[in-house]
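The values are calculated or read from the model by the stated rules, or taken from the named source; none is laboratory data. What you are looking at is a predicted structure, and each value in this text was computed from that prediction instead of being measured. All Cβ positions, glycine included, derive from the backbone under ideal geometry; neighbour counts span all protein chains shown.
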Amino acid sequence: MRSQNNPIAGRADSHQEGHDDTGHPGHSERDTGTGCESDSEGPAPAAEKNSQDVGARQGLDTPANEEQREQPLHDEKALPDQDGNSVRLSRTRSSQPSPPADSENLARLGSRMSTDPDGNVYPEGGLEAYLVVFGCFLCLFGSFGLVNTIGTFQAYLSENQLKDYNQSTISWIFGVFSFPIFFGGLQIGPIFDAKGPKGLVLVGSTLVIGSLIALGFCTEYWQIMVVFGVVCAAGTSMVFTPAVANPGHYFFRLRGRATGLAATGGSVGGIVFPLVLDALFTKIGFAWSTRVLALICFVSLGAGLMLVKSRLPRQRATMENIMPDLRILLEPVFACTTLGISCIEWGLFVPLTYISSYALHHGMPKGLSYQLLAILNVGSFFGRWVPGYISDYTGRFNTMIVTVLMCLLSVSCLWLPANGNTAMTVSFAFIFGFSSGSNIGLTPVCVGQTCKTENYGRYYATAYTVVSFGCLTGIPIGGSILTRNGGEYWGLITWTSCCYLGGLVFFIAARVLRVGWNPFKID
């Protein structure tokens, strides 16, 4: 018999009767109005059930609730409230804790991150990572932008301060300038691994800016050699090496894209600096033009210094990781990669140095002659990041082989037969600029493919120590050939073609040693 003094018990009893054995709602006595009483459940069971429901409703730690709380969560049932409305109340609680609130964010971040074979985790993007890439862009703008401007300096100095010297002698200034930029990596790479980029960029920026200011006072061959060929080159090396290596601390899977984006800074500098110098030489003179250049470098290098930073575990600065380890040159893939880079850098600086002089020799207008270097660097701007972007999907060595082949064809099929033709020369400048962009932007990534990430600085330093001797001799060899040919450029152009042919052979060999002959396999 239903208790008349306990309406809650009645509702609980009514709830029990209002469901069939399958758990689906049946007809309660309130719904039917029959007033039938349950024969199977008296006042005591009803009161017990009532206490359980009250405990569940109020969250009390009743014995029943203690037992229910340890059971897994199951479907809720509809209980009528005092107004007869159906409400849903859980009869049990789950003892399992809810997941963390930021688990979805972590999942999204995890899907973007990558891990190298040594367990280092890379964010592969994000604000901090791309600010570092932008900082490297600014550093390369103010440092390697000067390297891409040596053709303008060579053409101007040959007609003014150094007009009494032959091309073979003048070329040594720019050969010596190119040498420390890469040879300095022998020590700068391990120091970057041990100390990070900021100290190197600070010292290097000071040397670059100071040497550009001092260059305006130079009138003698030896002065230009010391100030530009040695001091400015040393500062450029201290900025260049960390700026190329730093994106590798934040990107592994997309390293080619990130390094290529950073490397476009050198191309932008190579566009801006020749145009600025061409406009200022006749207006304010050589000395003040170089001071304006120093001011531009001060702004870009100062901003870059604030943005670059490392994130991977730093190696201790011991003699073991500071001194070079030439034993790694015995690794076949690394050796072929190093020789391939040496060959293409041997040839790269010849067009950069002589294209303006070539145009002046063939009677092109002086303005266009200086602008050819800017056109070359416009192509190089796209060539720095487009191949890098593609290489993340097609393979770094695969992409490198294609771009080196394009360099070879542009030199052999456009520059060599041009003979001063304006259309062919301009076309060569842009196409060679695009295809040679990977000579700077993608070669460090290829080096990174041959070693562990934490050893990248050492491998990079060792590779570019060998490469630097090609840079030291490439321009003087071209100048000597030019002098021997009586000022005719066909021999110099042929020498450049041979350099790229050698680079193509060595990169194919490195790729085959790494992944085999299958042309569709991504390296």
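Of the conditions (1) assigned to a helix (DSSP H, G or I); (2) over 27 Å from Thr115 (Cα atoms); (3) in contact (Cβ under 8 Å) with a residue 12 or more places away in the chain, Ala258 satisfies every one except a single condition; which number is it?
Exception for Ala258: condition (2).
Here's the yes/no breakdown for (1) surrounded by 22 or more Cβ atoms within 10 Å (Cβ to Cβ); (2) among the aliphatic types (A, V, I, L, M):
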{"position": "Thr219", "(1), (2)": "no, no"}
{"position": "Met225", "(1), (2)": "no, yes"}
{"position": "Thr236", "(1), (2)": "yes, no"}
{"position": "Thr241", "(1), (2)": "yes, no"}
{"position": "Phe251", "(1), (2)": "yes, no"}
{"position": "Ala262", "(1), (2)": "yes, yes"}
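Working only within region 392-426, note down all residues that are outside any helix (DSSP H, G or I) and farther than 18 Å from Asn518 by Cα. Steps first, answer last, please.
Our first condition is that a residue be outside any helix (DSSP H, G or I); within region 392-426, this holds for 395, 419-421.
Selection gives Asn419, Gly420, Asn421.
Considering each of Phe153, Phe182 in turn, give the residue that is of a type in the set (Phe, Trp, Tyr), assigned to a helix (DSSP H, G or I) and closer than 24 Å to Ser310 by Cβ. Walk me through it before giving the result.
Working: Phe153 fails: closer than 24 Å to Ser310 by Cβ.
Just one listed residue meets the conditions, Phe182.
Within region 331-340, can one find any residue that is assigned by TED's automatic domain parsing to the domain that holds Val201 and either at pLDDT below 90 or not in a helix (DSSP H, G or I) (or both)?
Taking region 331-340 as the starting set, the residues that turn out to be assigned by TED's automatic domain parsing to the domain that holds Val201 are 331-340.
Imposing the further condition that a residue be either at pLDDT below 90 or not in a helix (DSSP H, G or I) (or both) reduces the set to 331.
Yes - at least one qualifying residue is present in region 331-340.
Being crowded, with 18+ Cβ neighbours inside 10 Å and at pLDDT below 80 is the filter here; which residues of region 286-311 pass it?
Of everything in region 286-311, just one residue is crowded, with 18+ Cβ neighbours inside 10 Å and at pLDDT below 80, namely Ser310.
Considering every residue within region 369-383, establish whether at least one is in contact (Cβ under 8 Å) with a residue 12 or more places away in the chain, in the same structural domain as Gly448 (by TED's automatic domain parsing), within 25 Å of Thr152 (Cβ to Cβ) and β-branched (Val, Ile, Thr).
Residues of region 369-383 in contact (Cβ under 8 Å) with a residue 12 or more places away in the chain: 369-383.
Remaining after also requiring in the same structural domain as Gly448 (by TED's automatic domain parsing): 369-383.
Those left that are additionally within 25 Å of Thr152 (Cβ to Cβ): 369-383.
Then drop every residue that is not β-branched (Val, Ile, Thr), which leaves 375, 378.
Yes, some residue in region 369-383 is in contact (Cβ under 8 Å) with a residue 12 or more places away in the chain, in the same structural domain as Gly448 (by TED's automatic domain parsing), within 25 Å of Thr152 (Cβ to Cβ) and β-branched (Val, Ile, Thr).
May I ask you to say which residue of Asn455, Asn518, Asn419 is farther than 24 Å from Arg384 by Cβ and in contact with a His (Cβ under 8 Å, 6 or more places away or on another chain)? Spell out the reasoning first.
Details: Asn455 fails: in contact with a His (Cβ under 8 Å, 6 or more places away or on another chain); Asn518 fails: in contact with a His (Cβ under 8 Å, 6 or more places away or on another chain).
On inspection, the qualifying residue turns out to be Asn419.
Filter region 203-217 for residues that are of a type in the set (Gly, Ala, Ser) and crowded, with 22+ Cβ neighbours inside 10 Å; which is nearest to Gly235 (Cα to Cα)? Give the derivation first.
First, pick out the residues of region 203-217 that are of a type in the set (Gly, Ala, Ser): 204-205, 210-211, 214, 216.
Okay, now just the ones that are also crowded, with 22+ Cβ neighbours inside 10 Å, so 204-205, 211.
Values: Gly204: 4, Ser205: 6, Ser211: 9 Å.
Top of the filtered list is Gly204.
Condition first: aliphatic (A, V, I, L, M) and under 34 Å from the mean Cα position of the chain (by Cα). Now tell me which residues in region 411-423 satisfy that. Before you say what the answer is, go through the steps one by one.
Just the residues of region 411-423 that are aliphatic (A, V, I, L, M), to begin with: 411, 414, 416, 418, 423.
The answer is Val411, Leu414.
Residues Val227, Val292, Val276, Val231: which one is assigned to a helix (DSSP H, G or I) and in contact (Cβ under 8 Å) with a residue 24 or more places away in the chain? Steps first, please.
Values: Val227 fails: in contact (Cβ under 8 Å) with a residue 24 or more places away in the chain; Val292 fails: in contact (Cβ under 8 Å) with a residue 24 or more places away in the chain; Val276 fails: in contact (Cβ under 8 Å) with a residue 24 or more places away in the chain.
The unique qualifying residue is Val231.
Can you pull out every residue in region 330-389 that is among the aliphatic types (A, V, I, L, M), in contact with a Ser or Thr (Cβ under 7 Å, 6 or more places away or on another chain) and under 21 Å from Ile475 (Cβ atoms)?
Our first condition is that a residue be among the aliphatic types (A, V, I, L, M); within region 330-389, this holds for 330, 333, 335, 339, 341, 344, 348, 350, 352, 355, 359-360, 364, 368, 372-376, 378, 386.
Subsequent filtering for residues that are in contact with a Ser or Thr (Cβ under 7 Å, 6 or more places away or on another chain) retains 333, 341, 348, 350, 359-360, 364, 372-373.
Matches in region 330-389: Ile341, Leu348, Val350, Ala359, Leu360, Leu372, Leu373.
Looking at Thr422, Thr403, Thr443 in this structure, which one is within 19 Å of Gly502 (Cβ to Cβ) and either of a type in the set (D, E, K, R) or free of Cβ contacts under 8 Å to residues at least 60 places away in the same chain (or both)? Give the derivation first.
Numbers: Thr422 fails: within 19 Å of Gly502 (Cβ to Cβ); Thr443 fails: either of a type in the set (D, E, K, R) or free of Cβ contacts under 8 Å to residues at least 60 places away in the same chain (or both).
Criteria check complete, one pass: Thr403.
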